[in-house]
1. Could you compute Rg(Cα) / (2.2 N^0.38 Å) for the range 42-140, with N its residue count?
2. Looking only at the range 42-140, where both bridge partners belong to it, what percent of the DSSP beta bridges are antiparallel (to the nearest 5)?
3. Round to the nearest 10 and give me the degree value, 0 to 90, for the angle of helix 45-63's Cα axis relative to the longest principal axis of the chain.
4. Could you give P(r) for the range 1-40, binned at 5 Å from zero, as whole percent values over all Cα-Cα pairs?
5. On a 0 to 90° scale, report how tilted helix 103-112 is relative to the longest principal axis of the chain, with both axes built from alpha carbons and the result rounded to the nearest 10.
6. Among 141, 130, 93, flag the residue with its Cα farthest along the positive direction of the charge dipole of the range 74-142, charges on Cβ as +1 for Lys/Arg and -1 for Asp/Glu.
7. Want the number for residue 97 to residue 112: 0.36 nm per residue separation, take away the alpha-carbon distance, what's left?
8. Under unit Cβ charges (Lys, Arg +1; Asp, Glu -1), what dipole magnitude, rounded to 20 debye, does the chain have relative to its Cα centre?
Amino acid sequence: MKSTSRLNWLGGYAFEAELQDHKFIIDLAESEGGQDLGPRPKSLLLPALATCSAVGVIGILNKMRITGYKLDIDVDAETADTHPKVYTIINLSYNFTGENLDGNKLKKAVSVSEERYCSVYTMLSKTAAINSVITINGEKFI
């Protein structure tokens, strides 16, 4: 399957990206010479990683017939000091809330999603150490 995107330069360091019939602005921070009209290019990888993994987790939990939960994912990253300034460490925090959640099943869903189904995880893990934590109703499980 082929993926495509179109990028239109708006001037300065701002671009309008078109991806899957959606348009959005990408720009640099003012401190980098941009106008801060949208997120930075590299930063878009973080929600892509969280979403990719979440889709797998939700699909696996659906197959396990686990329902009645809420999932939020926090992600942060550390960047190399020298160019190219790739992410070197990425931290994912899977925050589940709900009644009677089985931590071992949640852990399995996260693990299988990351290791088998999330292509963004696989790509980013080539340059960054990715650490995952699961919390259930505010309590750290792993």
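No lab work stands behind these numbers, since they all come straight from the coordinates. Since we're looking at a predicted model, the values are computed, not measured. Neighbour counts run over all protein chains shown; Cβ positions are idealised from the backbone, glycine included.
1. Working: Rg = 13.9 Å, N = 99, 2.2 N^0.38 = 12.6 Å.
Normalised by 2.2 N^0.38 Å, the Cα Rg of the range 42-140 equals 1.10.
2. Working: 13 of 21 bridges.
Here the antiparallel bridges make up roughly 60 percent for the range 42-140.
3. The two axes meet at around 30 degrees.
4. Spelled out bin by bin, the range 1-40 gives 6, 27, 27, 19, 11, 7, 3, 1 percent.
5. 40
6. 130
7. Working: separation 15, 0.36 × 15 = 5.40 nm, distance 2.00 nm.
Full extension from residue 97 to residue 112 adds 3.4 nm.
8. Numbers: 15 positive and 17 negative charges, 155 e Å.
Computed about the Cα centre, the dipole is about 740 debye.
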